[in-house]
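Asks: The structure that follows is given in the form of structure tokens.
No lab work stands behind these numbers, since they all come straight from the coordinates. Here the structure is a predicted model, which means the values were calculated and not measured. So basically every Cβ, Gly included, is an ideal-geometry build from the backbone, and we count neighbours across all protein chains shown.
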Amino acid sequence: SAFVGVVRSVLRELDHKGELIPVDSLRNSTSFRPYCLLGRRPSSSWFWRPPYKCVNLSIKDILEPDAPEPGLQCSGPFQFCDAVDGLMQGSVGLATPGEGKISGGAAVSGSSSASMNMCTLHVDPNTWEAMHRERRLRQPEHKILQQLRSRGDNIYVVTEVLQTQKEMEVTRTHKQEGSGQFVLPGAMCVQGEGQGHRSQKKTITIPSGSILAFRVAQLVIDSDWDIIFFPEKKQRTFQPPTTGHSPIRGTRSWLQQSLGLSSILESIYNHLRFLTDG
Amino acid sequence: ASTECTVTENFQGLQAEVEASSRELVRLERDLSQHLLKDLGRVLLDQPALQALEELLEEGLYCGRAEPLDGPAGAVLECLVLPNRELVQELAVPIFYLLGALTALSEIQHTLLAEALETRTLSGQLELVGSLLEKSVPWEKHSSVSLPPGLLGSSWGEEAPAWVLLEECGLELRVDAPHVCWDPKAQGPTCALYASLALLSRLIQQS
């Protein structure tokens with residue numbers, strides 16, 4: 001999409017190390033404000049991670065005493081101008097064994113342009129220190145937090161954003177032109193030629209204050225809370241419960257498959273599950 | 001597969017994970033595969049349904065049962081439960097893995113996958129993405145990967161579905177001397193795209 005293209009283009013210039021996470025659609029571009037909490041499920045794969053999802057909470061919603069989020073530091077403004085123009089041409093000729101002939105040519109051109117003013121807003125690291133020192137987890141735990149805990153999702157807080165400062169228009173054009181001739185031999189000679197073109201222009205308006213990319217830190221919630229700026233892959237927000245259904249279910253499945261005593265084991269399993277729930 | 005095997009983070013590792021996660025689909029009956037494909041195609045065009053289905057299935061895998069749901073997500077779910085609402089784990093696990101891969105992709109990719117499901121043109125795209133992932137190892141390094149012309153089709157360019165699928169993963173592509181500029185940041189989405197194509201192709205084979 002044109003929006004994603006612009007975001008990637010900007011990040012290539014401003015974020016060589018790839019520390020910022022691109023926002024994937026204009027619709028989501030206001031959801032990732034500093035201090036917002038994001039949830040992410042544990043992945044079912046070693047090879048990719050699920051996207052961050054806004055949980056409609058800010059860090060102030062889970063901490064006490066109740067106080068507005070502290071102010072942000074601003075860097076910039078950065079001006080970004082991107083204009084790309086390209087033309088590709090090609091032709092093809094094919095003589096068929098029966099002396100038929102097909103020939104043609106095509107040209108594709110594309111261009112995109114964007115000009116924008118941006119800045120980064122980030123939370124001063126000392127602010128996190130002060131918050132950690134002075135504010136405790138709100139009790140009882142927020143309902144959304146309880147749900148995320150029960151699902152085993154990890155929680156992150158937005159620490160930095162790249163934001164547009166003025167409304168901007170992005171245009172992407174794509175043109176294709178082509179022509180061709182063919183001659184087919186035979187009792188009745190068939191020949192023909194044709195040409196055509198196709199033009200596509202996409203323009204989107206990105207409002208002022210839209211967030212193009214963000215950075216997160218992981219929250220760890222136990223008896224107290226903490227922020228991990230460089231989490232390891234296995235770092236979890238909530239400590240996994242020491243008891244639960246899963247180990248029992250695993251045992252049940254293994255026992256059933258191994259011994260085939262499903263009805264007896266079913267009752268043992270139900271009894272164990274009751275005890276575990278208790 | 002993810003928790004019980006030692007996983008190597010390269011293309012062979014990805015293939016092994018996908019194979020382990022989709023093995024049970026071989027036992028799927030033809031009618032059921034056809035239903036699943038049709039309903040998954042509808043779910044791909046409905047983002048809230050995709051999200052609801054993934055969450056319900058996760059919950060279902062935890063407790064062993066799944067409650068009925070409306071719309072296309074509910075239709076997929078009905079293929080995965082017994083009359084007493086007990087979830088058929090052998091089916092639910094691969095479909096849950098597929099949904100996990102799909103949610104790592106963009107809305108545009110979902111639309112293109114739904115179209116490819118309709119036209120049954122997934123196998124070429126699967127080969128292309130597989131070839132790219134195989135050649136771009138080590139994934140942590142930037143590289144330039146040439147694409148086999150035989151896998152690109154006649155309309156390779158900005159409008160080609162395979163082009164858009166890869167571009168949406170964060171990869172930069174070139175038309176002339178077709179190649180991809182491999183970016184390590186694109187590894188996650190590209191692997192998720194490969195897994196999505198592999199599992200959907202397997203469902204097509206069964207239907």
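Asks: Arrange B:Phe96, A:Phe238, A:Phe78 by Cβ neighbour counts within 10 Å, fewest through most, would you?
Replies: With the fewest neighbours first, B:Phe96, A:Phe238, A:Phe78 line up as A:Phe78, A:Phe238, B:Phe96.
Asks: I need the phi-derived Karplus couplings for the stretch A:47-54: 6.51 cos²θ - 1.76 cosθ + 1.60, θ = phi - 60°, integer Hz, Gly and Pro marked x.
Replies: 10, 8, 10, x, x, 6, 10, 5
Asks: Something else now. What is the order of B:Ser33, B:Ser123, fewest Cβ neighbours within 10 Å to most? Please list the in-between numbers first.
Replies: Values: B:Ser33 18, B:Ser123 14.
Fewest-to-most ranking of B:Ser33, B:Ser123: B:Ser123, B:Ser33.
Asks: Using only DSSP helix segments of four residues or longer, with each worth -39500 (n - 2.57), what per-residue ellipticity at 222 nm results for chain B after dividing by its residue count and rounding to 500?
Replies: Mean residue ellipticity at 222 nm (helix-derived): -18500 deg cm²/dmol.
Asks: Report the extension gain between B:His142 and B:Glu86 in nm, rounded to one decimal, defined as 0.36 nm multiplied by the number of residues separating them, less their alpha carbon distance. Write down the numbers at each step before the final one.
Replies: Values: separation 56, 0.36 × 56 = 20.16 nm, distance 4.69 nm.
Net length gain for the segment: 15.5 nm.
Asks: Report, as an integer, the average count of C-beta atoms from other chains found within 10 Å of each Cβ along A:34-46.
Replies: Numbers: counts 0, 0, 0, 0, 0, 0, 0, 5, 2, 6, 16, 15, 12.
Shielding by partners across A:34-46 averages 4.
Asks: In nm, give the distance between the simple-model label positions of A:Asn28 and A:Asp124, each being 7 Å from the Cα along the Cα-to-Cβ direction.
Replies: 3.1 nm
Asks: Got a sec? How would A:Asp124, A:Asp15 order by Cβ neighbour count within 10 Å, fewest to most?
Replies: If I rank by nearby Cβ atoms, fewest first, I get A:Asp124, A:Asp15.
Asks: Now for a different question. With all pairs of different alpha carbon atoms counted, what Kirkwood hydrodynamic radius in Å does the stretch B:1-125 show?
Replies: 15.2 Å
Asks: Skipping prolines and chain starts, which residues have an amide H placed within reach, meaning under 5 Å, of the one on B:Trp139, given they are 5 or more residues away or on another chain?
Replies: Residues meeting the criterion, in which the H sits 1.01 Å from N, do not exist here.
Asks: Jot down the radius of gyration and Dmax of the stretch B:86-175, Cα atoms only, both in angstrom.
Replies: Rg, Dmax (Cα atoms, Å): 14.9, 50.
Asks: Equivalent-ellipsoid semi-axes (√(5λ), Cα gyration tensor) for the stretch B:11-56, whole Å, largest first?
Replies: Working from the Cα gyration tensor, I get semi-axes of 23, 17, 9 Å.
Asks: I would also like to ask the following. What angle do you read, to the nearest 10 degrees and between 0 and 90, between the alpha-carbon axis of helix B:11-22 and the longest principal axis of chain B?
Replies: The two axes meet at around 20 degrees.
Asks: Same structure, new question: Report, in degrees rounded to the nearest 10, the 0 to 90 angle that the Cα long axis of helix B:107-119 makes with the longest principal axis of chain B.
Replies: It works out to around 80 degrees.
Asks: For the stretch A:9-61, what are the per-bin percents of Cα-Cα distances with bins 10 Å wide, up to the bin holding the maximum?
Replies: 20, 41, 36, 3
Asks: Another question about this same structure. On alpha carbon coordinates alone, what is the Rg over Rh value for the stretch B:138-177, Rh being the Kirkwood radius?
Replies: 0.96
Asks: OK, next. Can you work out the Karplus-derived ³J(HN,Hα) for every residue in the stretch A:148-153? Use 6.51 cos²θ - 1.76 cosθ + 1.60 with θ = phi - 60°, whole Hz, and x for glycine or proline.
Replies: Coupling constants for the stretch A:148-153: 5, 4, 5, 7, x, 6 Hz.
Asks: Taking each residue of B:189-201 in turn, how many C-beta atoms of other protein chains fall within 10 Å of its C-beta, and what is the average?
Replies: 2
Asks: Right, here's the next one. Counting only other chains, and only Cβ atoms inside 10 Å, what mean value do you get across the residues of B:94-106?
Replies: What the average comes to for B:94-106 is 3.
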